[in-house]
Amino acid sequence: MIERSVRTAVLAVLLLGALLPATAGATAGVVVSGDSLATAVGVEVLEDGGNAVDAAVAVALALAVTFPEAGNLGGGGFLLAFDPSTGASWGLDFRETAPAATDSLFYLRRDEEGWDQPSLLGPGAAGIPGSPAGLWVAWKRGGRLRWRRLVEPARRLAAEGFTVGEKLPRHLREAREELTRWPAARERFFPRGKVIATGKRFVQPELAAVLERLETEGPDFFYRGDFAREMVEAVRADGGVWSLDDLASYEPLWMSPVTVVDPGDSTLQLIALPPPSSGGVFLAQTLFFLNALGVRDTAADSVERARILIESMRLAFADRNHHLGDPRSMRLAMADLIDPRYLRERARLLPESGRGDPRAGPGHPLREGVHTTHISILDEEGGAVALTTTINSSFGSKWMVPGKGFLLNNEMDDFDTRPGRPNTYGLVGSGVNLVHAGRRMLSSMSPTVVLRDGRPWLVLGARGGPRILSTILQVYLYRTVDGMGLSEAVAAPRLHFQGIPDRVFLEKERCWPRLEEELRALGYGVDADSWMAKVQAAEWDGHRGLGAADPRSEGRAAP
Ligand code: DON
């Protein structure tokens, strides 16, 4: 059900280095994204001598045209890059920010005033977009080709159109009731009352005009001047509260990635991101707990593996939902939440057998401190980029900026908009992730690069809200502990557990038959027919990049 309302496109672009200088022609890299047209754009950039950052930027922009469910100009995300010239990684937070006119009671007031799903629908649900500024600064820092070369494929796809595949009309039909509430999206996606059809050419002239400005001017026009004023006026006319100052003060932020040495295999290092992404903390905690519970002695298809995954995630999600948020709101330093002394103490709560205490709350580290499209890239010199971007739900807030041809996000729902009550992913926050003017909402998006002996080996990322976290963890285990090949690891059955609700979510059709029964016998509540996140993964096999698009998605790996 959530699966239909929520979609983050996932693109994994993996450019892995043939140890050759970049030249035009075939590439040893690989691009994996949630859409085949966008994948093709990325492959061409690589073949043109572009690096991982170039390809990520071009694919992200192409997705804004061909995959409006999640690709975006009106959303945000995170980018993680491995720079082969320095051997170091950098992270970029281009997450949306809360408008200055919002506060922790904003959505409770809107509920009382009778708004329909105010944190999910319409421009009142939209944070200030980070994508135009974020892609630009990422390119400035790490790109090699000209900016125009990277925007042009997206502009052309919008101006000349592309042949509509099977998935866009299906997704549009699923979101029809909401998308047709406001005229701009209705006219774009449902001309003359009919959904745009498979096999037809889909041209988006307004979006093409915006991309043309982006191509020739860079992103400043989006945040300042007439364009920004028109956006703010339209947002406010339909119930949003953006101001010109919210846009003018938007800034992408550099992040120091988190390095997690796999406690079960010190040759493997996972590079992930700190808050407001929850990926780094989640991976550090769960890998510690799994190792403490002897994950390497369990079989992939055993109930004991499932049990220790569930119990590790129970503790990690409790900490995530209580302690994590915009770092400026956090009362604890992230380092304290992943400190081995704290984790050893916390691991005492893990049951040796059977089901853990469903009341397990967040932990309390001793020291007080301060506190869904994915792109992964490894380039010809061995550089890597993982980029996840989203407008949150499928087609975001369902609200298109009139005359501009792009949808705004509904990322405000990732804040704890109504403390103690579940958001659209069933996440219940009770901690520091309250709506706060100018701050960023907590995210499950977790672009991840795994280094083996210090070199990029795996690039992982997914869409699927909190299932992103459980998915990256399980694909990593299948590949490293169970020795499955990349495609097998991506396709293998998964479970999800986030503490609240106290139920294990399974993919019945992929799981071995006894699992559901065995988990029930241990006392777990089970939802056996659940959807899972869609991961797009890439791997360097020593000679070239291999890609695996999740068979649960319509993604494609190429070449
Ligand atoms: O940042 C987050 O955690 C969510 N906005 C991600 C949304 C998502 O993955 C939707 N995918 N199906």
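None of the figures in this text is laboratory data; all of them are computed from the coordinates on show. These numbers were taken from a predicted model, which means no experiment stands behind them. Backbone-built Cβ (ideal geometry, glycine too); neighbour counts: all protein chains shown.
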Next on the checklist: Between residue 105 and residue 349, what is 0.36 nm times their sequence separation minus the Cα-Cα distance? Round to one decimal in nm.
Outcome noted: 84.4 nm
Checklist entry - Based solely on its DSSP helices, what 222 nm [θ] is calculated for the chain when runs of n ≥ 4 H residues each add -39,500 (n - 2.57) and the sum is averaged over all residues, nearest 500 deg cm²/dmol? => result -10000 deg cm²/dmol
Checklist entry - Taking K and R as +1 and D and E as -1, what net charge do the other residues with C-beta under 10 Å from the C-beta of residue 35 add up to? => result 0
Checklist entry - Distance from the Cα centre of the stretch 400-476 to that of the stretch 499-557, in angstrom? => result 18
Checklist outcome for this item: With residue 380 itself left out, Lys, Arg at +1 and Asp, Glu at -1 over residues whose Cβ is under 14 Å from its Cβ give -3
Checklist entry - Quick one: length gained pulling residue 341 to residue 267 fully straight, 0.36 nm per residue minus the C-alpha distance? => result 24.5 nm
Checklist entry - Taking the Cα centre of each part, how many Å lie between the stretch 84-148 and the stretch 196-213? => result 23
Checklist entry - Which Cα, out of 313, 280, 324, lies furthest along the positive dipole direction of the stretch 217-339 (beta carbon charges, K/R +1, D/E -1)? => result 313
Checklist entry - Which of the peptides 224-232, 37-45, 457-465 is most tightly packed, and how do the rest follow, going by the mean number of other Cβ atoms within 10 Å of each residue? => result 457-465, 37-45, 224-232
Item to check | Dipole magnitude of the stretch 41-126, debye to nearest 20 (Cβ charges: Lys/Arg +1, Asp/Glu -1, about Cα centre) | outcome: 160
Next on the checklist: Can you give me the long-range amide H partners of residue 385? Hydrogens built in the peptide plane at 1.01 Å from N, cutoff under 5 Å, separation of 5 or more residues or another chain.
Outcome noted: 15, 82, 377, 378
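What FRET efficiency, computed as 1/(1 + (r/R0)^6) with R0 = 56 Å and r the Cβ-Cβ distance, is obtained for residue 254 and residue 302, rounded to the nearest 0.05? Intermediate results must be reported in sequence, preceding the final value.
Details: r = 42 Å, r/R0 = 0.76.
The calculated FRET efficiency here is 0.85.
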Checklist entry - For the chain, what's the radius of gyration and Dmax over Cα atoms, in angstrom? => result 21.8, 63
Checklist outcome for this item: For residue 85 and residue 509, extending 7 Å from Cα along the Cα-Cβ vector and measuring point to point gives, in nm, a value of 4.8
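Given +1 on the Cβ of Lys and Arg, -1 on the Cβ of Asp and Glu, and no further charges, what dipole in debye does the chain carry about its Cα centre, rounded to the nearest 20? Numbers along the way, then the final one.
On the way: 63 positive and 70 negative charges, 107 e Å.
It comes to approximately 520 debye.
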Next on the checklist: As I understand it, the dipole of the chain uses +1 on the Cβ of Lys and Arg and -1 on the Cβ of Asp and Glu, about the Cα centre. Which of 466, 183, 249 lies farthest toward its positive end?
Outcome noted: 183
Checklist outcome for this item: Counting only backbone N atoms under 19 Å from a point 7 Å out along Cα-to-Cβ of residue 357, the residues of the stretch 508-529 in range are 523-525
Checklist outcome for this item: Of the candidates 101, 118, 82, the farthest towards the positive dipole end of the stretch 56-129 (Lys/Arg Cβ +1, Asp/Glu Cβ -1, centred on the Cα centre) is 82
Checklist outcome for this item: Once amide hydrogens are built 1.01 Å from N within the peptide plane, the residues lying 5 or more places from residue 73 or on another chain with amide H under 5 Å from its amide H are 407
